[in-house]
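Below you'll find the structure, written out as structure tokens, and then a few comments.
The values are calculated or read from the model by the stated rules, or taken from the named source; none is laboratory data. Bear in mind the structure is a predicted one, so any value in this text is a computation, not a measurement. Note that each Cβ is placed from the backbone with ideal geometry, even for glycine, and that neighbours are counted across all protein chains shown.
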Amino acid sequence: MFGAIAGDIIGSVYEWKNVKSTDFELFSSGSTFTDDTVLTVAVADCILKDGDYTATLKTYGRRFPHAGYGKSFYKWLFSESTAPYYSFGNGAAMRVSPVGFAGHTLEKVLEEAKRSAEVTHNHPEGIKGAQVTAAAVFLARTGKDKEEIKQYLAGFSGYDLEQTLDEIRPHYSFDVTCQGSVPQAVRAFLESTDYEDAIRKAISLGGDSDTIACITGGIAQAYYKEIPHFILKKTKELLAPDLLAVVEEFNRKFNLEY
């Protein structure tokens, strides 16, 4: 999961100050984990404890109330309601990577991704975004090559995964929908040469930089099975100790120590 979390932290300073280049500083004084990380760890904790997604997301979200949640999620988070709000935002996709790392079969991963999404994001596009991300992580983790991953995801989702980053980048702007950010995140992975390159390519698109990099980062970790030591070290330093403890427990259980 550190791949997704590092992507979030690196992208955090570029969400509202987009760069359209792969040449940028990875970490700065403003680098921090955001809602992407908090909710990713919440999903991991839920998997570890076979817990309830609604209750766990609310518990984690309320512990970190200023992490940068979207307006609809924030309203749901601090309400008494447990009903989903038919969202197709990319929040369903940004938090789902643990499902892809923990699942034993693609069928189970798709089922669990739907469960993790629909407690808030019960719109078909919200569920699909989560399933595509989790499936990409699972397929990457289990040895599929990039062409196999691309063909499966495109066939499952109908997303256009052929458009190159160079074609996307000039016209791409802030888009927090699953359908407007998940395909771009996947494409960044597909064009990458290693983990760091994947994160740089994801952030170079602009838009919702931390979330795109979070999605790309989870897939890239699963595929390359290596995160540069300096990125991993800095990520651990910036992560809240209680969140780090959950990630390390999850990594031990699912053998994700790279």
Restricting the stretch 103-113 to residues that are crowded, with 23+ Cβ neighbours inside 10 Å and aliphatic (A, V, I, L, M), the one nearest to Phe73 (Cα to Cα) turns out to be Ala113
Within the stretch 128-166, the count of residues that are crowded, with 20+ Cβ neighbours inside 10 Å and of a type in the set (Gly, Ala, Ser) comes to 7
Being surrounded by fewer than 23 Cβ atoms within 10 Å (Cβ to Cβ), more than 24 Å from Asp50 (Cβ to Cβ) and among the acidic types (Asp, Glu) narrows Asp197, Asp242, Asp210 down to just Asp197
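Restricting attention to the stretch 42-58, report how many residues are in contact with an Asp or Glu (Cβ under 9 Å, 6 or more places away or on another chain) and part of a helix (DSSP H, G or I).
Applying the first criterion (in contact with an Asp or Glu (Cβ under 9 Å, 6 or more places away or on another chain)) to the stretch 42-58 yields 44-48, 51, 53, 56.
This time we only want the ones that are part of a helix (DSSP H, G or I), so: 44-48, 53, 56.
Summing the residues that are in contact with an Asp or Glu (Cβ under 9 Å, 6 or more places away or on another chain) and part of a helix (DSSP H, G or I) in the stretch 42-58 gives 7.
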Only one of Ala92, Ala6 is closer than 19 Å to Leu244 by Cα, modelled with pLDDT of 95 or more and within 19 Å of the chain's Cα centre (by Cα), namely Ala6
Exactly one of Thr211, Thr235 is touching a helix residue (DSSP H, G or I) at 6+ places or on another chain (Cβ under 6 Å) and under 13 Å from Phe27 (Cα atoms), and that residue is Thr235
Requested in this report: Could you check, for the stretch 16-32, whether at least one of its residues is crowded, with 20+ Cβ neighbours inside 10 Å and either among the β-branched types (Val, Ile, Thr) or in a helix (DSSP H, G or I) (or both)?
Outcome: no
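So that you can scan it fast, the table gives a plain yes or no per residue for (1) of a type in the set (Lys, Arg); (2) farther than 22 Å from Gln184 by Cβ; (3) surrounded by fewer than 18 Cβ atoms within 10 Å (Cβ to Cβ); (4) touching a helix residue (DSSP H, G or I) at 6+ places or on another chain (Cβ under 6 Å):
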position	(1), (2), (3), (4)
Asp36	no, no, no, yes
Ala42	no, yes, no, yes
Ile47	no, yes, no, yes
Leu57	no, yes, no, yes
Tyr60	no, yes, no, yes
Trp76	no, yes, no, no
Arg95	yes, no, no, yes
Gly100	no, no, no, yes
Arg115	yes, yes, yes, no
